[in-house]
Amino acid sequence: MNFTLHQLKIFTVIVEKKSITKASEILNMTQPAVSIQLKNFQDQFDMPLTEIISRKLFVTDFGEEVYRIAIKILEDAEALSYKTETFKGKLTGKLKISVVSTGKYVMPYYLKGFLQLHPDIDLLMDVTNRRKVINSLELNEVDFALVSVLPDKIEVEEEILMPDKLFLIAAPAENVKPALTKPYNKSIFEKIPLIYREEGSATRQKMEQYFTDAHIKPKIKLELATNEAIKQAVMAGIGCSIVSILSIKNELKEKALHILPVKGLPIRSNWMLVWNKKKKFSLVAESYLTHLRSNKTKIYADHFSWVEKI
C-alpha cells in the first residue's frame, strides 16, 4: 500500500463535503485532478470507498472507516511537524478559538500580540452564533471560546477580559430623538418598534432579562440573525434595537446611529474567555492563557478605554 498524505487529505475533504466539486473548490484544485487522486487512492483498496447513485456521491461503510483512520494519520503527521519545530525552540501548533458574532470586535485585539511573538502558531478562529460556540466547547473542538454570557449546561473556567455595555440605538432621522436633559422612561419600549437578535443569542438573552425585570412588553418588529443586519435595519429606519457599544463605534462617529438614553440602560456585562473545565491544554493554549493574563489590562487600556466615556 503506497498512499500519500496529499491523497489522504483529498479523500477526507471529499468525505466531509460529499462532493468532488466542493472538494476541488476548498482544495483549490481542478475537478479532474481531485477525481484522479481519488481514483489513485481507491486503487489501493479491494473494496469501494465511495459510490455514485443518481449522480450523488455516497461514502461506503468501508470508506467511513478509512476516513476515520485518515483523520488520525493527518493529525499525527501535523503533530510531528509541530513537534519538530518545538525542538528547534519555536512555539508551534494550533490555537482554536470559537467566538460569538459580536465578539469579532474584541478577540483580534487580544490575539495580535501573542501571534506576533509566535508567528509559527496556526490560529483557527470561528466566528459564529452562540449555540455553535457552546457546542464546540461541549465537543472539545476548541481550546477557548469568547462569550458574554456563561453557558449553563457545561462546566467552564473563565477569564474576564473587559466590560461591555448594551445601549438602545436609533437612526438619526427617526422621530425618537435623543433626550437632551434626562433619560427616557422605560415606557418608550411600548411605543417604538424593536428589532431583536435571533433566539439563543447572548444579546437576546440580556434584552429579554432586562424587559422581564422591568415588567415591559416591548413592540417587537422583527428578528434578525446578525448584528450587522440589525445595524442596517436600524439605519434604514425600520426600528430600534439594543446592541453592544463595541459594534457601533464607527456608526456613532459618523452619526449614522445615535444612542437613546433610557432608565436602566446600558445593560452591563463582561466579555469572557472560557474553556471546558476538563480541557487538557496544549503547550500553545497554556502559553496563550499566560500571555493573556499578563497583557489583558494593557490591551483594554490601549484599545477599549473609550467605552468608559460613553
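Readers should treat all values here as calculations from the given coordinates under stated rules, not as data from a laboratory. Worth saying up front: this structure is predicted, and the values here are computed from it rather than measured. Counting neighbours? That spans all protein chains shown, and the Cβs are built from the backbone with ideal geometry, glycine included.
What the table shows:
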quantity	calculated
For peptides 146-154, 239-247, sequence by mean Cβ density within 10 Å, most packed first	239-247, 146-154
Residue pairs, from the table Lys17/Lys94; Lys17/Lys280; Lys255/Lys298, whose Cα atoms sit over 26 Å apart	Lys17/Lys280; Lys255/Lys298
Share antiparallel - DSSP beta bridges, the chain, percent rounded to 5	55 percent
Relative contact order (percent, whole number), the chain, Cα cutoff 8 Å, 6+ residue spacing	20 percent
GNM top mover of Ala256, Ala77, Ala33 - the chain, alpha-carbon springs below 10 Å	Ala33
The stretch 163-269: mean projected area of Cα convex hull, nm²	6.3 nm²
From the coordinates shown, percent of Cα pairs over 30 Å apart corresponds to which of (i) 50; (ii) 56; (iii) 43	(i)
Under 5 Å, built H, 5+ apart or other chain: amide partners of Asp164	Ser269, Asn270, Trp271
Residue-averaged 222 nm ellipticity for the chain, from DSSP H runs of 4+ at -39500 (n - 2.57), nearest 500	-12500 deg cm²/dmol
Span from the the stretch 38-55 Cα centroid across to the the stretch 112-144 one, whole angstrom	35 Å
Per-selection metrics, the stretch 5-87 (Cα): Rg and Dmax in Å	13.7, 51
Most fluctuating residue given options Arg68, Arg268, Arg55, as computed from a GNM of the chain linking Cα atoms under 10 Å	Arg55
